[in-house]
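The values are calculated or read from the model by the stated rules, or taken from the named source; none is laboratory data. It should be emphasised that the depicted structure is a prediction, and the values quoted were computed from it without experimental measurement. Cβ atoms come from the backbone with ideal geometry, glycine included; neighbour counts cover every protein chain shown. In case anyone asks, the SASA skips ligands and DNA or RNA and just uses the protein heavy atoms, side chains included. Shrake-Rupley method; radii C 1.70, N 1.55, O 1.52, S 1.80 Å.
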Amino acid sequence: MSSVRIYRGLARREKPGWIMGLSPAQALACLVLAVPVLWTVSAGQFLRALILAGVCGLAAALVVVPVRGRPALRWLAHVLLYQLGAALGWSRWQSRAAAGELDDPNEPDLPGVLQRVSFPDGPVFQHHGRVCLIHDTGEGRWGATARVTHTGVGLLSAEECDRLASRLGSMLLSIGHRDVVDRLSLLVRTVPDDGTEYEVWRARHDVAEAPDLARRAVDELDRTIGAVSVRHEVFVTVSGPEDALRKPAAAAGGGVEGRARVLYRVLDGLEDPLKALGAGSVEWLSGSGLAEAIRTGFNPDSSAVLRAGQLTGSESDEVRLPLAAAGPTQAPTPGWRRYDHDAYSTVSYSVLMPESGTVFGSLAPLLAVKSAGERRCLAMHYEVLGSRAASRSVQGYRFRSGVMRDYKASKGFSASAADDREAGGARAQEQAVAAGHSLVRYAAAAAVTVPADRPVEDHAARLENDAAGRFRLLRLDLAQDSAFVAACLPLGIGLPNARGGLL
Amino acid sequence: MTRTPPRGAAQLLRDTGQTLPHIPSPAHPTPPPSRGERINRPRAPRRGRSRPGHGWSPVAAPMTVYQATTSEIGGLFPLLAANGIPAVGARIGYDTLSGSAFYAHPVDWVLRGLTTNPNLVVFGEPGRGKSSTVVAFLLRMMLFGTKTLISGDVKGEYSPLLRALGISPIALGRGLSTRLNALDLGPIAARWDSWSAQRQRDELDALLARWVKLLVALAEAQGYAPTVTDEAVLAQVLRRLLGTTDGASRLRPVTIPDVQRELADPDEQLWRETRFADRRQFLDTLRPITDALANLITGPLSGLFDEPTNFDLDWQAPIQSMDLSRLRGRGDQAVAVALTCLGSWSSMITDLQDDGEIRIVVRDEVWRQMRLGSKAVQAVDSDLRLSRAEQKIQILVGHKPSDFLSVGSAGSQEVAIAKDLLALCSTRILFGQSTRVADELAGDFALSTKESEVTTGWCMERTGRALWKLENSPGYKVQTVLSRVEQNAFDTNAHLRGNGGETR
């Protein structure tokens, strides 16, 4: 039997502390705060120095001490913004349709961060028809989303798992080589199965003269199996920055259509790698398809009606969901720790990676629904760095991890195991990049959604329990609405932009 | 010589003074921007509009961002959940790995390219829930008009279901007056008059071929290898007995003793027609097959398959079964002969099925039938091969793959074909097994270590748990769920409780 491979080096934070765990800005703030204290000491005013030391120490603590992932000062800013939004009613949401102001059904009407996104239709893409582009006007990105079916990995041997893992890496690497796109998001949703597909199929194939016993048995199973089974939805989103797309798009005819054509070339080449990852079919979403994916993200219940309409209705425009109806109807001001949308509540988390490494499939518990009616989402957002940025980053990492260790060694202290691991990880990353691999910036988000009348805190605690021992979940307090977009909606939004200059 | 360029339709009309009606091009979803206009204009601020009721996001999601190399990132593989099987056919239970409901529709699987043929093979130790799962599948498929034939119910496991459906199974054997004619016309007799002369001729040819094959297989079961001459004479005898040679418009019923009598006492016309020099030569040449058929009439099988069928069979019933549990007293040979006769019958039924109708044929303990010799093995083999064309789902039920290898001596042709039978069943349903057999299964079905562990571990923990393997795709850990109605109807342990299998 082969041994199970442990994947390491996944927990390297993008913005690590430089000097004793502090970022340059934080270190500078500490220095600035120390100046008045030293000043007063040098002036011999010891009482004032003491008072100043207290005040400045407090201020430094606010800047430096991280509480649940964010330094206190940032918390403060977030609370103020949150209170502002709540007090002025800005963070409340009501759809235009609910307000009776709907004018154009094809105009997207979505809350919060989604307002900056537009959804132009691209030209016809081979047999997929028109593919809806996702244009993030705020960040200047163009993308497209596909709905994917997947065969699962539950019973694969360790070798096959390793192969899948390396294929995911190669796919990301190949994206990095394409220049046009740089981000890929994989979203998996475990949703309660409403059984619509089966109902529709049964209605079509049911025979009137079927034995009564068969009918009774099947009806009973509807109630027992039907009530608790789940379904999986898998989406993949790729996107590229406007800067990279502009030139080739101009050559391809310019405008939205030119950008779409350039993007299509990438999408075409992505199907085979996705199939190698175990995807059965890859269906690039049209406008209504994307509207449905967003709508069911906000309201899992609506999938029954939409699926039934799709399966029974013709492909006419009446059964298609307009983009204006993709969002929730109402959403009150999001809570500190939860987001309510329509008749559902969602709690979203950022997934923190373990220092000690992880094995293939360790994310599975985050998706394993254990109580009926609950939905879980897991989104992974990747951004592949170009080769130059990658080698610069690993060199910086190696240098940083080396500086402290060397300093300690020069002073006669032995290096701690953590220091050694850090240095080993840095070396391993540098070697991998030198061997042709690249670096991926990534973030993982998980969320649990339940009907509003259920105790969402219980379900959230269960998700945290399921992750315990493998990953730590960081609840994204005060940002539950934007975290929902990152965790539950297949739009490729969620990875914060790299702030240049730090690395 | 200069040629004028060809004119288009519009030009042609213009030249004749008319204009083509203008059809506006379909509305473009996004009008192309005028030159200089920026495509990438922000629609809204990054976190939404700061207006009441617009859902402004006060804080952008503070996601924790990591960096990893592409060589390690695959360790966080998120595509873990399976979309599962399409929701069509019989709902069997749960796929416990993904938590989704598990459906089975072998014909639809073929159409969707999940499998290459609709045949199922079921293996498992006794008492692990094999028959409950098969019976549940049969019952749930009935809702969609699927008809089932249990081609020999050796243990009487399917009879409770038939009784629950109000159908009485055909039971043969000790203490029963039921007789089945191996050469019964079956549903053909009822439909004969409604057919055109051409159709009658075609059906007759098919029927004769099938009967000859059956008689030959029965003779072979007794150790005699029939020759082509035997087959030709048998075809001629059957033709005469059916009355088609003398122009009768109706088919006369034929039994095995009729055939044997004709062979043992041929009239002149017969031996002349079959080009023998004289009667003596005819008798000498055909002696082995004549005696082989005689043994069927006088041996332990006497009175079972050699008299006219004395019961009415409902060909339109959703399920028909032949209960052979009382036949076991007459030895394995009797069961095997009964199964061969049934096999011939079932292929006749399916030949007559309407287009689009799916029929399921269950062969429980199929190895018993295959022990009759290479012809019997070939018969099963050809049925499996044709199932795709005939819209037939063949279900083979056994304990372990090596059951199939007991059909002949090691290295024989029968064993070779029997081994290939497994490859002709795209869907493999593997119930709990002991470790020894599990190794055999793992080898035959190319199971991964994890899958093999599932059959020896997880499947053994509860009844009704099985590994469903569709071709070579990863298996599904399926727990069959029985409704209360079904639990009452197919209690396979009823006979242990002593209530004779009646529904509780």
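In whole angstrom, note down how far apart the Cα centers of the range A:65-81 and the range A:438-503 are. Using only Cα atoms, the two centres lie 18 Å from each other.
Of all the accessible heavy-atom surface of the range A:268-416, with the other protein chains kept in place and a 1.4 Å probe, what percent is carbon and sulfur?
Ligands and nucleic acids excluded, carbon and sulfur give 54 percent.
Residue ranking by accessible heavy-atom surface, 1.4 Å probe, largest first, among A:ARG472, B:ARG43, B:ARG328, B:ARG363 comes out as A:ARG472, B:ARG328, B:ARG43, B:ARG363. Rounded to the nearest Å, what's the spacing between the alpha carbon centres of the range A:112-174 and the range A:352-395? Just the number, please. A separation of 16 Å, based on Cα centres. Using a cut-off of 25 Å between alpha-carbon atoms, which lysines can reach B:LYS375, once sequence neighbours fewer than 8 places away in the same chain are excluded? Cross-link targets: B:LYS155, B:LYS213, B:LYS392, B:LYS400, B:LYS419.
For B:LEU120, the amide hydrogen comes within under 5 Å of the amide hydrogens of B:GLN394, B:ILE395, B:LEU396, counting only partners 5 or more places away or on other chains and with H modelled in the peptide plane. To the nearest 10, the accessible area of B:PHE311 is 50 Å² with a 1.4 Å probe.
So with the 1.4 Å probe, I'd like the accessible area per residue for the protein assembly as shown, rounded to whole Å².
On the way: 43310 Å² over 1007 residues.
Accessible area per residue: 43 Å².
Near B:ILE319, the amide H atoms lying under 5 Å from its own belong to B:THR148; only residues 5 or more places off or on other chains count, and H is placed 1.01 Å from N.
With every protein chain left in place and a probe of 1.4 Å, what is the accessible surface of A:LEU245, to the nearest 10 Å²? Accessible surface of A:LEU245 is approximately 0 Å².
Enumerate by residue number the trypsin sites (Lys or Arg not before Pro) in the range A:402-458 meeting two conditions: DSSP loop (anything except H, G, I, E, B), and at most 16 other Cβ atoms within 10 Å of the site's Cβ.
Here the sparse-neighbourhood loop sites are A:LYS411.
Two tests apply to each whole DSSP H helix in chain A, Cα reach of 15 Å or more along its axis and mean Kyte-Doolittle hydropathy of at least -0.5, and the ones passing both are A:24-42, A:46-64, A:72-88, A:158-178, A:212-228, A:255-276, A:287-298, A:302-312.
Quick one: grab the alpha carbon gyration tensor of the protein assembly as shown, order the square roots of its eigenvalues as a ≥ b ≥ c, and give me rounded if a/c is under 1.5, else prolate or oblate depending on whether a/b is larger than b/c. Because a/c hits 1.5 or more and a/b exceeds b/c, the protein assembly as shown counts as prolate. Could you let me know the centre-to-centre spacing of the range A:224-279 and the range B:77-130, using Cα atoms, in angstrom? Cα centres, the range A:224-279 to the range B:77-130: 30 Å.
Entry note, the protein assembly as shown: the mean residue ellipticity at 222 nm calculated from DSSP H runs of n ≥ 4, each adding -39500 (n - 2.57), is -12500 deg cm²/dmol after division by the residues and rounding to the nearest 500.
How much of the DSSP bridge set in the protein assembly as shown is antiparallel, in percent, rounded to the nearest 5?
Working: 92 of 116 bridges.
Counting only bridges with both partners in the protein assembly as shown, antiparallel ones make up about 80 percent.
For the range A:472-499, list residues with backbone N below 17 Å from a point placed 7 Å from the Cα of A:LYS247 toward its Cβ? Answer for the range A:472-499: none.
Roughly speaking, what is the stretch gain from A:ARG48 to A:LEU80, that is 0.36 nm per residue apart minus the C-alpha to C-alpha distance, in nm to one decimal? Mind dumping the intermediate values first?
Values: separation 32, 0.36 × 32 = 11.52 nm, distance 3.13 nm.
Contour length minus Cα-Cα distance gives 8.4 nm.
Counting only chymotrypsin sites (Phe, Trp or Tyr not before Pro) that are in a DSSP loop and have at most 15 other C-beta atoms within 10 Å, tell me the longest site-free stretch of chain A. So the longest stretch without any such site is A:1-335.
Within chain A, antiparallel bridges make up roughly 100 percent of the DSSP beta bridges whose residues both belong there.
Show me you know the interface measure: the accessible area buried between A and B, both chains summed, probe 1.4 Å, in Å² to the nearest 100.
On the way: alone 26350 and 26580 Å², together 43310 Å².
Buried: approximately 9600 Å² between B and A.
For B:LYS450, the lysines whose Cα falls under 18 Å of its own Cα, not counting residues fewer than eight places away in the same chain, are B:LYS469, B:LYS477.
Classify chain A as rounded, prolate or oblate from the Cα gyration tensor: take a ≥ b ≥ c as the square roots of its eigenvalues, call it rounded if a/c is under 1.5, otherwise prolate when a/b beats b/c and oblate if not. The shape class here is prolate. Computed from Cα positions, the angle between helix B:413-423 and the longest principal axis of chain B comes to roughly 30 degrees.
If you place +1 on the Cβ of every Lys and Arg, -1 on the Cβ of every Asp and Glu, and leave all else neutral, what size is the dipole of chain B about its Cα centre, to the nearest 20 Debye?
The calculation lands at about 2920 debye.
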